[in-house]
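Encoded as structure tokens, the structure appears first; notes follow it.
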Amino acid sequence: GENVEQHPSTLSVQEGDSAVIKCTYSDSASNYFPWYKQELGKRPQLIIDIRSNVGEKKDQRIAVTLNKTAKHFSLHITETQPEDSAVYFCAATSQTGFQKLVFGTGTRLLVSP
Amino acid sequence: EPEVTQTPSHQVTQMGQEVILRCVPISNHLYFYWYRQILGQKVEFLVSFYNNEISEKSEIFDDQFSVERPDGSNFTLKIRSTKLEDSAMYFCASSEARRGVQFFGPGTRLTVL
């Protein structure tokens, strides 16, 4: 089955810096890659997603890139702010079945003022 | 904006007891999911449900687990005889389409003593 690896596990940046989180997946049939942000004790919230027919997607300060050949995708946050501090999870899902999400292990992002 | 809701927010139970976790998916959504997250770990898929049937389940979802949509709005997860290792945050999610975005509820923290 699908396996998703995520790095780094923790990331500390200064406010205004950029942050990059990387994920790799194992199932070449995966075609949908969402990113969720989870603040302490709260629900995972979708922040951006990408499907396999595009290589990059951007939404204001957040962008996601996908390299299907290498089977990896990355989250880029520019001009980080303290409120970006949270745990970020990548996920992947296959074309088959009912879109079970397979999550990465999470990245704890800390943005210091 | 419509949201997935879950009750209770926190459930404490004794080992061996039955628990029922309740979810109200977004009203026009047709696909429902349960995930769990052990403290400090990644989110893990348990089961997906569509058209009053389980469409996929993970190895975690053994005979002690069951799901039901008892009426037009609720979606429940039952654990028949809880174990200590069932202690986790349980998230319900729903999506409008088979490969649509999954929206998560706020979670139920289950503590088994």
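The values are calculated or read from the model by the stated rules, or taken from the named source; none is laboratory data. Remember, it's a predicted structure, so these values are computed and weren't measured experimentally. Counting neighbours? That spans all protein chains shown, and the Cβs are built from the backbone with ideal geometry, glycine included.
The figures follow:
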| item | result |
| --- | --- |
| Residue ID - farthest from residue A:15 (Cα to Cα), chosen from residues in the range A:66-86 that are of a type in the set (Ser, Thr, Tyr) and touching a residue at least 12 places away in the same chain (Cβ under 8 Å) | A:74 |
| All positions within the range A:74-113 that are under 18 Å from residue B:98 (Cα atoms), aliphatic (A, V, I, L, M) and either more than 10 Å from every other protein chain (Cβ to nearest Cβ) or not in a loop (DSSP other than H, G, I, E, B) (or both) | A:91, A:92, A:102 |
| Which listed residue is within 14 Å of another protein chain (Cβ to nearest Cβ) and of a type outside the set (Ser, Thr, Tyr), from A:29, A:70, A:19 | A:29 |
| Residues being in a loop (DSSP other than H, G, I, E, B), away from chain A (no Cβ under 14 Å) and surrounded by 17 or more Cβ atoms within 10 Å (Cβ to Cβ) - total across the range B:14-34 | 0 |
| Evaluation of residue A:46 against (1) hydrophobic (A, V, I, L, M, F, W, C); (2) surrounded by 16 or more Cβ atoms within 10 Å (Cβ to Cβ); (3) within 14 Å of chain B (Cβ to nearest Cβ) (one fails), failing number | (2) |
| Residue within the range A:3-17 that is touching a strand residue (DSSP E or B) at 6+ places or on another chain (Cβ under 7 Å), among the small types (Gly, Ala, Ser) and crowded, with 18+ Cβ neighbours inside 10 Å present | no |
| Strands (runs of 3 or more DSSP E) wholly inside the range A:1-66 containing at least 1 residues that are more than 13 Å from the chain's Cα centre (by Cα), more than 20 Å from residue B:101 (Cβ to Cβ) and modelled with pLDDT of 90 or more | A:10-14 |
